[in-house]
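The values are calculated or read from the model by the stated rules, or taken from the named source; none is laboratory data. All of these numbers come straight from a predicted model, not from anything done at the bench. FYI the Cβ positions are ideal-geometry reconstructions off the backbone, even for glycines, and counts take in every protein chain you see. Each accessible area value is taken on the protein alone, full model and side chains, heavy atoms only, with ligands, DNA and RNA left out. Shrake-Rupley method; radii C 1.70, N 1.55, O 1.52, S 1.80 Å.
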Amino acid sequence: MRITLVATLALAAALGGCASLNTVDSEVSTYSQWPAARKPATFAFERLPSQQARPQEQSELEAAARPALLSAGFQEVNDLKTADTTVQVAARVSRTDRGFYDDPFFWRGSLFYSRYGRPYWGPGFGMMVDSPRYDREVVVLIRDRQTAQPLYEARAASDGLSSGTTQLLAAMFKAALKDFPQTGINPRRVSVQLTP
């Protein structure tokens, strides 16, 4: 009986670990001036001049954001002049080359990075290992097309060992718009399953 219980707990822990590999945790902040009676309608992507200079990158970013916008109730139109709202999306990825504190004075202890890049002190083993980390952030800004008034702003940030795939960025956009048009505690943790 005890062996069965231990095996069951080990299997549950293993499955939980596998599930966490398919989950993206983001810190989300949202700000809304969305009118209470207004429903999501049509949207078109709007690009800044710097985004127009890199159309391929921006198209990939918009493709990552599109499913989250459709899930929030919006419908995309190709003509900006006929859209009810405009949407601007952006992403930032920065790399930190060292994951451990690099001062030989502290060779018996190391400064480690936790989830979301917050450092903590821990025991060291007298060696340093390069451990690049990536901080990722996506931003969505929704405006009324006729007045250009900002109606909704959402940001999602995460970190990890990869710079970010389109699939990962799509999960972050989904986290950013999960509560649309509501807001919540800023920042708050939102977990989203990666879609295959």
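Structure values in brief
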item	result
Segment 21-49: number of residues that are part of a loop (DSSP other than H, G, I, E, B) and polar (S, T, N, Q)	2
In segment 52-66, the residues that are open to solvent by 70 Å² or more (accessible area, probe 1.4 Å) and touching a residue at least 40 places away in the same chain (Cβ under 8 Å)	60
Unmet criterion (only one of (1) open to solvent by less than 60 Å² (accessible area, probe 1.4 Å); (2) modelled with pLDDT under 85; (3) of a type in the set (Ser, Thr, Tyr); (4) more than 30 Å from residue 73 (Cβ to Cβ)) for residue 116	(4)
Residue under evaluation residue 15, criteria (1) modelled with pLDDT of 95 or more; (2) assigned to a helix (DSSP H, G or I), criterion not met	(1)
Complete set of residues in segment 156-196 that are exposed (fewer than 15 other Cβ atoms within 10 Å of the Cβ), modelled with pLDDT under 90 and either among the hydrophobic types (A, V, I, L, M, F, W, C) or under 14 Å from residue 134 (Cα atoms) (or both)	161, 162, 163, 165, 194
